[in-house]
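A.B. asks: This is the structure I want to talk about, given as structure tokens.
Please treat every number below as a calculation from the coordinates, not as lab data. Here the structure is a predicted model, which means the values were calculated and not measured. Here the Cβ positions follow ideal geometry from the backbone for every residue, glycine too, while neighbour counts run over all protein chains shown.
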Amino acid sequence: MLIRPLDENGDILPVSDINQLATGANAVAEVIDLRLNFFYGEWWEDPELGFRIPEFLVNNARGGDIELLSKYISSYISNSPEVKAVTDVQAAFNNHEMTFFCTVLTRDGKTDTVEVNINGGLL
């Protein structure tokens, strides 16, 4: 898989050469980041696309139970292209912001760590 790299703000960077594209586990991590930050209803052409968190999971997280939300995010990541498994899941919730860490095993046998911050806009 080849994908354009992202900067620290999650913006897609321009490239002038195929060698500048992200590959392997790095490309898979970029795709996961893009999928998790493309919010449900955000695209005007198809508002049914995108990542959304069901209200009952938000309420559980606000109540201190983030296990279901962690499993939901892990499942969403598992359905990303080239992802074989999601392991070593860790999550923390603080003041309407959730930080989620996991290790992703790609179909080619490589691993990468993924960190996701979900802000108060979704929670």
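A.B. asks: S78 versus L13, label points 7 Å from Cα toward the beta carbon: distance in nm?
C.D. replies: 3.3 nm
A.B. asks: Now, a different point. Using a Förster distance of 35 Å, how high is the FRET efficiency between R35 and D65, based on the Cβ-Cβ distance and rounded to 0.05?
C.D. replies: Working: r = 24 Å, r/R0 = 0.69.
Efficiency for this residue pair is about 0.90.
A.B. asks: Turning to a different aspect of this structure: In debye, nearest 20, what is the charge dipole magnitude of the stretch 2-118 about its Cα centre with +1 on Lys and Arg Cβ and -1 on Asp and Glu Cβ, if you could check? Mind dumping the intermediate values first?
C.D. replies: Values: 8 positive and 19 negative charges, 79 e Å.
Its charge dipole is roughly 380 debye.
A.B. asks: Once amide H atoms are built 1.01 Å from N in the peptide plane, which residues 5 or more positions from K84, or in another chain, come under 5 Å H to H?
C.D. replies: Amide H to amide H, under 5 Å and 5 or more residues apart or across chains, K84 pairs with L105, T106, R107.
A.B. asks: Cβ under 10 Å from A22's Cβ, A22 left aside: what net charge do those residues give with Lys, Arg +1 and Asp, Glu -1? List each step's numbers first, then the result.
C.D. replies: Details: positive: R4; negative: E30.
After counting each charged neighbour, the total is 0.
A.B. asks: Sort the following peptides by mean Cβ neighbour count (other Cβ atoms within 10 Å, averaged over residues), highest first: 44-53, 68-77, 83-92. Mind showing how you got there, number by number?
C.D. replies: Details: 44-53: 11.5, 68-77: 17.6, 83-92: 14.3.
Final packing ranking: 68-77, 83-92, 44-53.
A.B. asks: Using only C-alpha positions, report the orientation-averaged shadow area of the convex hull of the chain, nm², one decimal.
C.D. replies: Its Cα hull, projected and averaged over all orientations, spans 8.1 nm².
A.B. asks: Using the Karplus curve 6.51 cos²θ - 1.76 cosθ + 1.60 with θ = phi - 60°, work out ³J(HN,Hα) for each residue of the stretch 105-110 in order, rounded to whole Hz, and write x for Gly and Pro.
C.D. replies: Calculated HN-Hα couplings, in order: 9, 8, 4, 8, x, 9 Hz.
A.B. asks: Count the DSSP beta bridges whose two residues both fall in the chain, then state the antiparallel fraction as a percent rounded to the nearest 5.
C.D. replies: Taking every DSSP beta bridge within the chain, about 95 percent pair in antiparallel fashion.
A.B. asks: Ok, one more. Using the 10 angstrom Cβ neighbour count as an exposure proxy, how do D11, D108 rank, fewest first?
C.D. replies: Numbers: D11 7, D108 12.
In order of increasing Cβ crowding within 10 Å: D11, D108.
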